[in-house]
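These notes are about the structure you will find just below.
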Amino acid sequence: MTAPEQHRLDSAPSARPLILVVDDEELNIRLIVLALKDQYTILTATNGLDALRIMREQLPDLVLLDFVLPDIDGLEVFRQARADPTLVDIPIVFVTVVADSARQTAALQMSAVDYLIKPFNLTHLRLRVRNQLKIKLQRDMIRALNGELESRNAELQFTLDRVLEQEVIIASLALASAPDGKKGPITTGGTPDSSMGGLPRN
């Protein structure tokens, strides 16, 4: 593979989850691709700047990010991704040979979803990728449902406001069309006493 080009290593339909693998070692990339290509569409980058560019262009469903990169390190890639509103919700898993507890803690505190130390078990990699994608799918579905609910509530409120406006207009027209502004017949005084034959009382 030629760095720093973007590589789509799988010709599968775009409906498949899209994973970005960021590593400066071609052997590591090939190993991860071999483990995941049957189920996912894979993109790769060999440095941090290309990783950020591809993330913005492709919006992958998951990023597997090496810590040690030739330009900016993985932690800086992570910081910039979390500061970008279009990338902030993309789950990022660190995959690295750096077994540094301080770096692991820093990454997890900044909301990295997982941290794998190489060499790792490929079955464990597949399972963790699957689990993170399931979590993202559920989160995306909840966000979509909330958006739909908000949209329907807005439409309902709009309709209700229009109905109330029409009722006010109709009531105003009815009042204006009544003679002398009267709303209905008004009676004054009493009625003749029927027991007196209609004659006035003494």
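Just a few scattered comments:
- Burial ranking of peptide ranges 84-91, 15-22 (average Cβ count within 10 Å, highest at the top): 15-22, 84-91
- When you work out D = kT/(6 pi eta Rh) for the range 42-140 at 4 °C and 1.567 mPa s, using the Kirkwood radius from C-alpha pairs as Rh and the Stokes-Einstein form, the result is 95 µm²/s.
- Compared with the rule-of-thumb size 2.2 N^0.38 Å for a compact globular protein, the range 85-179 has a Cα radius of gyration ratio of 2.19.
- Per residue solvent-accessible surface (Å²) - the range 15-105, probe of 1.4 Å: 41 Å²
- FRET efficiency, residue 82 to residue 135 (Cβ-Cβ, R0 22 Å, nearest 0.05): 0.80
- Computed extension gain for residue 110 through residue 146, at 0.36 nm per residue and net of the alpha carbon distance, reaches 10.4 nm.
- Contour excess over end-to-end distance, with Cα ends at residue 166 and residue 97 and 0.36 nm allotted per residue: 17.9 nm
- P(r), alpha carbons of the range 25-75 - 5 Å bins starting at zero, rounded %: 4, 20, 30, 26, 17, 3, 0
- Counting only protein heavy atoms and a probe of 1.4 Å, the accessible surface of the range 22-132 is 52% carbon and sulfur.
- In order through the range 151-165: 3J(HN,Hα) via Karplus (6.51 cos²θ - 1.76 cosθ + 1.60), integer Hz, x for Gly, Pro: 5, 5, 5, 5, 5, 5, 5, 4, 4, 4, 4, 5, 4, 5, 4
- Surface composition of the range 136-181: carbon plus sulfur atoms contribute 66% of the solvent-accessible area (1.4 Å probe, protein chains only, all chains present).
- Cβ-Cβ FRET estimate between residue 68 and residue 127, R0 fixed at 22 Å, reported to 0.05: 0.35
The values are calculated or read from the model by the stated rules, or taken from the named source; none is laboratory data. This one's a predicted model, so the numbers in the text were calculated from it and none came from an experiment. Cβ atoms come from the backbone with ideal geometry, glycine included; neighbour counts cover every protein chain shown. Please note that ligands, DNA and RNA were not included when accessible areas were found on the heavy atoms of the full protein model with its side chains. Shrake-Rupley method; radii C 1.70, N 1.55, O 1.52, S 1.80 Å.
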